[in-house]
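First the structure, in the form of structure tokens, and then the observations on it.
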Amino acid sequence: MGGLETPAQELGPAAMRSAMSRYATGVCIVTTVADDGTPAGLTITSFNSLSLEPPLILWSLGLNSSNLDVFRSSDRFAINILGVEMVEVARQFARSGGDKFAGVPVVTGRCDVPLIAGALVQLECLTEEQYPVGDHILFIGRVVGAAIGDGAPLIFCNSAFDALDRGGS
Ligand SMILES: Cc1cc2nc3c(=O)[nH]c(=O)nc-3n(C[C@H](O)[C@H](O)[C@H](O)COP(=O)(O)O)c2cc1C
């Protein structure tokens with residue numbers, strides 16, 4: 001417990017990944033649609049709130065993602081916050097290639113983006129800014145529509161999907 005094992009100035013990708021794996025997050029699927037109507041999406045944990053007024057959110061997309069062009073050229077996307085029962089959908093959207101949407105119920109949002117049916121929260125966003133930063137593109141979105149449900153969130157921590165443990169303290 002405790003103690004600095006790696007000086008910050010020497011932090012390489014493996015140590016960076018190891019450090020960040022301790023940080024528990026929720027799990028989302030970010031979705032959009034190509035000009036020809038093809039839906040696109042991937043599982044992310046880089047989502048976070050950025051501003052309340054105006055309502056802005058952020059997430060980042062790896063430069064090696066096969067989804068890079070579709071998200072860069074689209075002016076909109078949706079953040080689908082997953083419930084704990086959606087772990088298999090999270091795994092499906094984390095696999096590169098193939099039809100990620102196969103067997104996944106989807107509804108079309110007001111902004112014409114595919115929304116994952118049954119997600120805890122669906123946020124429809126207009127792309128406000130895109131910044132290349134390091135090995136990712138940082139997307140900032142303005143939330144223009146929201147469907148907000150209740151339920152237990154899916155958690156990702158220590159490189160594994162998990163659930164909140166409300167048993168203690
Ligand atoms: C729990 C989890 C969180 C992830 N978070 C991100 C993320 O925030 N940004 C990202 O670009 N990829 C993230 N990925 C990887 C993508 O889901 C996906 O595997 C990667 O983009 C390759 O697929 P693609 O080429 O279809 O985009 C995450 C994967 C998992 C399993």
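The values are calculated or read from the model by the stated rules, or taken from the named source; none is laboratory data. What you see is a predicted model, and the numbers here were worked out from it, not measured in a lab. Don't worry about glycine lacking a Cβ; one is built from the backbone with ideal geometry, like all the others, and counts go over all protein chains shown.
Restricting to segment 47-100, what's the tally of residues that are in a helix (DSSP H, G or I), crowded, with 16+ Cβ neighbours inside 10 Å and not hydrophobic (A, V, I, L, M, F, W, C)? Spell out the reasoning first.
Filtering segment 47-100 down to residues in a helix (DSSP H, G or I) leaves 68-73, 84-92.
Then keep just the ones that are crowded, with 16+ Cβ neighbours inside 10 Å; that gives 70-71, 84, 86-87, 89-90, 92.
Keeping just the survivors that are not hydrophobic (A, V, I, L, M, F, W, C) gives 92.
Total satisfying the criteria: 1.
Looking at this structure, is PHE101 among the aromatic types (Phe, Trp, Tyr) and more than 14 Å from the chain's Cα centre (by Cα)? Judged against the criteria, PHE101 is a match. For the criterion of being farther than 15 Å from ILE29 by Cβ and in contact (Cβ under 8 Å) with a residue 40 or more places away in the chain, ARG91 fails.
Would you please name the residue that is surrounded by the most Cβ atoms within 10 Å (Cβ to Cβ), looking only at residues in segment 141-169 that are among the β-branched types (Val, Ile, Thr) and either more than 14 Å from PHE47 (Cα to Cα) or within 14 Å of the ligand (Cβ to nearest atom) (or both)? Working first, answer last.
Kept after step one, since they are among the β-branched types (Val, Ile, Thr), are these residues of segment 141-169: 143-144, 148, 155.
Next cut, either more than 14 Å from PHE47 (Cα to Cα) or within 14 Å of the ligand (Cβ to nearest atom) (or both) only: 144, 148, 155.
Values: VAL144: 15, ILE148: 9, ILE155: 19.
So the residue we want is ILE155.
Look at (1) in contact with a Ser or Thr (Cβ under 9 Å, 6 or more places away or on another chain); (2) among the β-branched types (Val, Ile, Thr); (3) surrounded by 14 or more Cβ atoms within 10 Å (Cβ to Cβ) and you find that VAL121 fails only one, number (1). Note on segment 103-124: residues that are out of contact with any Lys or Arg (no Cβ under 8 Å at 6 or more places or on another chain) and not in a strand (DSSP E or B) amount to 9. Whether any residue in segment 118-131 is aromatic (Phe, Trp, Tyr) and in contact (Cβ under 8 Å) with a residue 40 or more places away in the chain is what I want to check. Scanning segment 118-131, I find no residue that is aromatic (Phe, Trp, Tyr) and in contact (Cβ under 8 Å) with a residue 40 or more places away in the chain, so the answer is no. A single entry from ARG72, ARG95, ARG91 fulfils the requirement of being among the charged types (D, E, K, R) and more than 12 Å from the ligand (Cβ to nearest atom): ARG72.
Quick check on segment 53-69: of everything there that is more than 10 Å from the ligand (Cβ to nearest atom) and in contact with a strand residue (DSSP E or B) (Cβ under 9 Å, 6 or more places away or on another chain), which residue is nearest to HIS136 (Cα to Cα)? Ranking the candidates gives LEU58 first.
Selection within segment 31-52: residues that are free of Cβ contacts under 8 Å to residues at least 60 places away in the same chain and under 19 Å from GLY83 (Cβ atoms). The member of this set that is farthest from the ligand (Cβ to nearest atom) is SER49. Among the residues of segment 78-87, just one is within 12 Å of the ligand (Cβ to nearest atom) and either at pLDDT below 95 or farther than 13 Å from ALA117 by Cα (or both), namely VAL87.
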